[in-house]
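Notes for the one structure printed next.
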């Protein structure tokens, strides 16, 4: 009896589920993230993104701000979501 190899698509539902549970997304503005999840401000500072008080934060997305400052947006968003989850568990 031959064993089936897992399909390459087997991990996709898990990735989709992880994205669905993310609170912070690349298209969210810096201002929205901070307003909805104040705990993300510290994460932004740790990554070197000090745009929190800047008037552009109301219009610039997290991805745009991170990229403009040479910060990996995927890592930043991942860490921001971890901070949100940590806060929710308390």
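Bear in mind these aren't lab numbers, they're just calculated from the coordinates by the rules spelled out. Computed from a predicted structure; not experimentally measured. Glycine gets a Cβ as well: all are built from the backbone with ideal geometry, and neighbour counts include every protein chain shown.
Subtract the Cα-Cα distance of residue 82 and residue 50 from 0.36 nm times their separation in residues, and report this length gain in nm to one decimal.
So the chain would gain 9.6 nm between residue 82 and residue 50.
With the crude spin-label approximation of a point 7 Å out along Cα→Cβ, what separation in nm comes out for residue 25 versus residue 42?
Label-label distance for residue 25 and residue 42, simple model: 2.7 nm.
Percent relative contact order of region 24-89, based on C-alpha pairs within less than 8 angstrom and at least six residues apart?
43 percent
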